[in-house]
Amino acid sequence: MNTLATDRPTSIAWTIVAASFGFAVVQLDVTIVNVALPRLSVELTASVPGLQWVVDAYSLVFAVLLLSAGVMGDRLGARRAYLIGLAGFALASAACGAAQTAAELIAARAVQGIGAALLVPPSLALINHACAHDAKLRAKAIGFWTAAAGISIAAGPIVGGLLLGWLGWRSIFFVNLPLCALGMAITLRVAETPRKPQQHLDLRGQLLAITALTCLTAAVIEIGPLGVTHPLVLTSLALAVVSALLFVRVESRVAQPMLPLRFFRLPNFSPAVMFGISVNLTYYGLIFIISLYLQHVCRYTATQAGLAFLPLTATFAVANLISGWMAGHYGSRLPMLLGAMIGASGFALLTRLDAHSSYLAMLAPFLLIPSGMGLGVPAMTTAILASVEKTFSGTASAVLNAARQAGGAIGVAAFGALVTGGDGRIVPGMHRAAWLSSALLAMAAVVVWFGIRRQAARPNDPIGSETHL
């Protein structure tokens, strides 16, 4: 008994570190490429829509495969699926670094998204399994998990800018190789979770999800250069709508759906998912534009542009940890509500920037936006995991993160369309995107106010009980 008592905290600590490390690597590649976009446009002769696909090929595949990845994690065991994801991510990163054309890079980024999808649901399943005995500990662990990812998201442009200045754009992908190797070494110290071999992949649902999201993203990206009435845009939109309707029909009838629609009838689940979509859509879409703004409009070098994002890193980390504490003591509602309002105010301040703005003028929104996101995301994740039984934690986290990544992909596509057509459109496009982001987060705050329960988490509540919140 003494040995178990001594080893358990150590085991939980390794689990949290391993899960957070992999999620950080995944999120690093969401933003690290943004600062390299101007360099890629020159060296690989890529247009703005091409640059959007470099970002979205990763996010799209990541999003549409997350649901199946959750099932795979449940079937294989979270640790085994996690190790496979790290290995696949490393191989795809090597292919990205070796790409000779924009098309090759886009294809390799898509494969990279497959590895990323296998990392996120198992990482949360590992945490949920290790902390299942204590809801407060789980909230704090998720705070560390999201803090690692938040730091990684914010550090992406900084690391990317430094690597671009020292070693060139290929280094932003090659850096993943030693990171993945270290992640695998840490994960080998983590215990495996119970397997659910009875779980089966929903292939029809997966195909329809891929078709719906890819067609929607393609339509939004091509609206800028082609116009909303172009046959390609209209056809893509029609296919997206039809595929989405068929997807819902299939998921409501199949025995083991990739997206259990019953989740959306659980308290807190739907509002948390809507909150996640709003946060990712606004943040990833604006970061895409801000990277172009800093280098094309303000004439920052890649290194300077990367360093300009430095305030985001510390703010993310502090806000994530505060959110974990707040969710553990007061429930998810308060940090989500505060996060949405703070983020909305930060986006609104971006509308004051122009071609001659100083970095001091950028500082306030660069601090407020990650503060809001950092407060809201851990609490949102806690709300999701507390809504379902422990055995479905992998699938539930996959639903949440699939929705978030889909939101991020649509954000890049939609906001990127606002700046297509030359450098002269970047500032007005950024202003329109900032106002839209502020409005979406204000709406998210309303959803949280009316949709998320106010109860605080209690350490002895049974897992799967909605009274956690």
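The values are calculated or read from the model by the stated rules, or taken from the named source; none is laboratory data. What you see is a predicted model, and the numbers here were worked out from it, not measured in a lab. All Cβ positions, even for glycine, are placed from backbone atoms using ideal geometry, and neighbour counts span all protein chains on display. Surface areas here come from the heavy atoms of the whole protein model, side chains and all, with no ligands, DNA or RNA. Shrake-Rupley method; radii C 1.70, N 1.55, O 1.52, S 1.80 Å.
I'm checking my understanding of the structure. Among residues of the stretch 42-61 that are of a type outside the set (Val, Ile, Thr) and open to solvent by 30 Å² or more (accessible area, probe 1.4 Å), which one is farthest from Ile426 (Cα to Cα)?
Only one residue tops the list, namely Glu43.
What's the number of the condition Trp166 fails, among (1) in contact (Cβ under 8 Å) with a residue 60 or more places away in the chain; (2) open to solvent by 50 Å² or more (accessible area, probe 1.4 Å); (3) closer than 30 Å to Gln295 by Cβ; (4) not β-branched (Val, Ile, Thr)?
(1)
Only one residue in Pro225, Pro231, Pro267 is within 24 Å of the chain's Cα centre (by Cα), on the phi < 0 side of the Ramachandran plot and of a type outside the set (D, E, K, R). Which one?
Pro267
Can you pull out the residues in the stretch 10-19 that are open to solvent by 10 Å² or more (accessible area, probe 1.4 Å) and in contact (Cβ under 8 Å) with a residue 12 or more places away in the chain?
Our first condition is that a residue be open to solvent by 10 Å² or more (accessible area, probe 1.4 Å); within the stretch 10-19, this holds for 10-14, 16-17.
Across the stretch 10-19, the qualifying residues are Ser11, Ile12, Trp14, Ile16, Val17.
Is it the case that the stretch 96-103 has a residue that's open to solvent by 10 Å² or more (accessible area, probe 1.4 Å), at pLDDT below 85 and of a type outside the set (Val, Ile, Thr)?
Looking for residues that are open to solvent by 10 Å² or more (accessible area, probe 1.4 Å), at pLDDT below 85 and of a type outside the set (Val, Ile, Thr), one finds none in the stretch 96-103, hence no.
So which residues in the stretch 78-93 are open to solvent by 30 Å² or more (accessible area, probe 1.4 Å) and farther than 16 Å from Leu66 by Cβ?
Arg79, Arg80, Leu83, Ala87, Leu91
Residues being under 29 Å from Gly451 (Cα atoms), of a type in the set (S, T, N, Q) and in contact (Cβ under 8 Å) with a residue 60 or more places away in the chain: count how many of those fall in the stretch 330-372.
Adding up the residues that qualify gives 2.
Looking only at the stretch 243-286, which residues are modelled with pLDDT under 90, within 21 Å of Gly70 (Cβ to Cβ), aliphatic (A, V, I, L, M) and open to solvent by less than 10 Å² (accessible area, probe 1.4 Å)?
Passing the criteria: only Met258.
Test Ser397 against the stated conditions and say whether it is among the polar types (S, T, N, Q) and within 16 Å of the chain's Cα centre (by Cα). Write out each step before concluding.
Values: among the polar types (S, T, N, Q): yes; within 16 Å of the chain's Cα centre (by Cα): yes.
It is true that Ser397 is among the polar types (S, T, N, Q) and within 16 Å of the chain's Cα centre (by Cα).
Would you confirm, using the coordinates I've provided, whether Val318 is modelled with pLDDT of 80 or more, more than 21 Å from Met274 (Cα to Cα) and touching a helix residue (DSSP H, G or I) at 6+ places or on another chain (Cβ under 8 Å)?
It is true that Val318 is modelled with pLDDT of 80 or more, more than 21 Å from Met274 (Cα to Cα) and touching a helix residue (DSSP H, G or I) at 6+ places or on another chain (Cβ under 8 Å).
Here's a check for you: in the stretch 219-231, which residue that is part of a helix (DSSP H, G or I) and without any contact (Cβ under 8 Å) to a residue 24 or more places away in the chain is least open to solvent (accessible area, probe 1.4 Å)?
First pass over the stretch 219-231, keeping only residues part of a helix (DSSP H, G or I): 219-226, 231.
Next, only the ones that are without any contact (Cβ under 8 Å) to a residue 24 or more places away in the chain stay: 219, 226, 231.
Working: Ala219: 1, Leu226: 70, Pro231: 88 Å².
So, considering only residues that are part of a helix (DSSP H, G or I) and without any contact (Cβ under 8 Å) to a residue 24 or more places away in the chain, the one least open to solvent (accessible area, probe 1.4 Å) is Ala219.
Are any of the residues in the stretch 317-326 in contact (Cβ under 8 Å) with a residue 24 or more places away in the chain, in contact with a Lys or Arg (Cβ under 6 Å, 6 or more places away or on another chain) and either among the β-branched types (Val, Ile, Thr) or open to solvent by less than 10 Å² (accessible area, probe 1.4 Å) (or both)?
yes
Filter the stretch 109-134 for residues that are open to solvent by 10 Å² or more (accessible area, probe 1.4 Å), over 15 Å from Arg79 (Cβ atoms) and modelled with pLDDT of 80 or more and give the result.
Of everything in the stretch 109-134, those that are open to solvent by 10 Å² or more (accessible area, probe 1.4 Å), over 15 Å from Arg79 (Cβ atoms) and modelled with pLDDT of 80 or more turn out to be Ala110, Val111, Ile114.
Any residue that is touching a residue at least 60 places away in the same chain (Cβ under 8 Å) and more than 29 Å from Gln256 (Cα to Cα) - is there at least one of those in the stretch 114-135?
Yes, there is a match, as at least one residue in the stretch 114-135 is touching a residue at least 60 places away in the same chain (Cβ under 8 Å) and more than 29 Å from Gln256 (Cα to Cα).
Taking the criterion of being free of Cβ contacts under 8 Å to residues at least 60 places away in the same chain, of a type in the set (Phe, Trp, Tyr), closer than 30 Å to Ser332 by Cβ and in a helix (DSSP H, G or I), would at least one residue in the stretch 277-285 satisfy it?
No, there is no match, as no residue in the stretch 277-285 is free of Cβ contacts under 8 Å to residues at least 60 places away in the same chain, of a type in the set (Phe, Trp, Tyr), closer than 30 Å to Ser332 by Cβ and in a helix (DSSP H, G or I).
Tally time: how many residues in the stretch 287-297 are touching a Leu at 6+ places or on another chain (Cβ under 7 Å) and either of a type outside the set (Gly, Ala, Ser) or surrounded by fewer than 24 Cβ atoms within 10 Å (Cβ to Cβ) (or both)?
So the answer is 1.
If you take the residues in the stretch 79-136 that are of a type in the set (D, E, K, R) and under 20 Å from Val175 (Cβ atoms), which one is farthest from the chain's Cα centre (by Cα)? Even if it seems obvious, please write down each step before you answer.
Our first condition is that a residue be of a type in the set (D, E, K, R); within the stretch 79-136, this holds for 79-80, 104, 109, 134, 136.
Narrowing further to those that are under 20 Å from Val175 (Cβ atoms): 104, 109.
On the way: Glu104: 23, Arg109: 15 Å.
Looking at residues that are of a type in the set (D, E, K, R) and under 20 Å from Val175 (Cβ atoms), I get Glu104.
For the stretch 341-398, what are the residues that are acidic (Asp, Glu), under 30 Å from Glu251 (Cα atoms) and at pLDDT 80 or above?
none
Consider Ala414 carefully, then state whether it is part of a helix (DSSP H, G or I), surrounded by fewer than 24 Cβ atoms within 10 Å (Cβ to Cβ) and modelled with pLDDT of 85 or more. Break it down stepwise before answering.
Values: part of a helix (DSSP H, G or I): yes; surrounded by fewer than 24 Cβ atoms within 10 Å (Cβ to Cβ): yes; modelled with pLDDT of 85 or more: yes.
In short, yes.
Quick one: in the stretch 387-410, which of the residues that are closer than 28 Å to Gly346 by Cβ and of a type in the set (Gly, Ala, Ser) is surrounded by the most Cβ atoms within 10 Å (Cβ to Cβ)?
Of all residues in the stretch 387-410, those closer than 28 Å to Gly346 by Cβ come to 397, 399-410.
Next, from what is left, pick out any that are of a type in the set (Gly, Ala, Ser): 397, 402-403, 406-409.
Details: Ser397: 27, Ala402: 28, Ala403: 21, Ala406: 25, Gly407: 25, Gly408: 30, Ala409: 32.
Ranking the qualifying residues of the stretch 387-410, first place goes to Ala409.
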